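Values in this text are rule-based calculations from the coordinates and carry no lab data. The structure presented is a predicted model; accordingly, all values stated were derived computationally and were not measured. So basically every Cβ, Gly included, is an ideal-geometry build from the backbone, and we count neighbours across all protein chains shown.
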Amino acid sequence: MNSERELDLLIEELLADPQYLDHPLREALFLKHQQSLDQLARLERIARISDGFQSMARAQNSTLSERYHKQLRQLEKVARISDRYQNMMRDLNVALREASTHDPLTGIGNRRLLMERLREESERAQRHGKPYVLVILDIDHFKQVNDTWGHEVGDRVLVEIGCTMQAALRQYDLCGRWGGEEFLLLLPETALADAGQVIDRVRQDIRSLAVRVGTEALSVTASFGVAEYRLGESYSQTLSRADAALLEAKRSGRDKCVASAVASG
């Protein structure tokens, strides 16, 4: 029996001894002892919420100090579990957000993210009177790539094109996979006259791309349809104009860039 347990027993014996009933310090000793017991009881109620498997029998055989420190350890354990759970949920939310807005193959933005940004840019353009440029590009004869080399090589080509576009764009530009072998570029606060250099860089980098297939190097080209946002129109109208320009680029021989029905390459 250690000294703390002996002290507990001594206090209880003194309080129970009739000869000390009128002692002037008995009331203070009783109140202090009762306060300690009350504090311990509150801690034990908190601990029972977090751990329903606590053994009251073992706790009764411990000193007040031992029981107090045990409950502190239990609360610290609950706090650590809570912190880990919150971190896990935060990481999960980030991963879910990433999965919902990015293409699983190329890692760049998907159609959902592109639509969100298009809506935001259209609203910003309306407020500030600054246009943006929208580009839809389609990989030329991509079906032949899949038919000749297989879909695994085709997927590698798409991944390489996604990386190439990201490297060629400015920091505030956005590229994403629109669907299949189609990609979309969004150039915020940019007029058509200022977009040419960025688009040419993307186009030339795609042309220069070489995907190794055994001892051979596979190269591709792309057709581009470009439209500058016009104040007052919806982003779907801008998309339609870019899509029409892309169709014209493909009909006129592919590996071309057409801007709002005006050829530029």
Inset, instruction - Taking 7 Å along the Cα-to-C-beta vector as the label spot, tell me the Asp205-Met88 distance in nanometres, rounded to one decimal. - result: 4.0
Inset, instruction - Give the cross-link partners of Lys143 among the lysines, using a straight C-alpha distance below 24 Å as the criterion and excluding same-chain residues fewer than 8 apart. - result: Lys250, Lys256
Legend entry - Amide H contacts under 5 Å for Cys257, placed H, 5+ residues apart: Phe224, Ser264, Gly265
Legend entry - Label-point gap, in nm, between Arg170 and Ile81 - each point 7 angstrom along Cα→Cβ: 5.3
Inset, instruction - Per residue of the stretch 235-250, in order, report the coupling 6.51 cos²θ - 1.76 cosθ + 1.60 (Karplus, θ = phi - 60°) as ³J(HN,Hα) in whole Hz, putting x for Gly and Pro. - result: 5, 5, 5, 4, 4, 5, 5, 5, 5, 5, 5, 4, 4, 5, 5, 6
Legend entry - Under 24 Å from Lys32, Cα to Cα: lysines that are on another chain or at least 8 residues apart: Lys70
Inset, instruction - List the chymotrypsin sites (Phe, Trp or Tyr not before Pro) within the stretch 126-205 that fall in a DSSP loop (any state other than H, G, I, E or B) and whose Cβ has at most 11 other Cβ atoms within 10 Å. - result: Tyr172
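Can you tell me the length gained on complete extension of the stretch Gln237 to His141, counting 0.36 nm per residue apart and subtracting the Cα distance? Write out the running numbers ahead of the final one.
Numbers: separation 96, 0.36 × 96 = 34.56 nm, distance 2.69 nm.
Result for the pair: 31.9 nm of gain on full extension.
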Legend entry - At most 15 other Cβ within 10 Å, DSSP loop - trypsin sites (Lys or Arg not before Pro), the stretch 183-235: Arg230
Inset, instruction - Compute the distance in nm between two label points, each set 7 Å from the Cα along the Cα-to-Cβ direction, one at Glu120 and one at Leu15. - result: 6.4
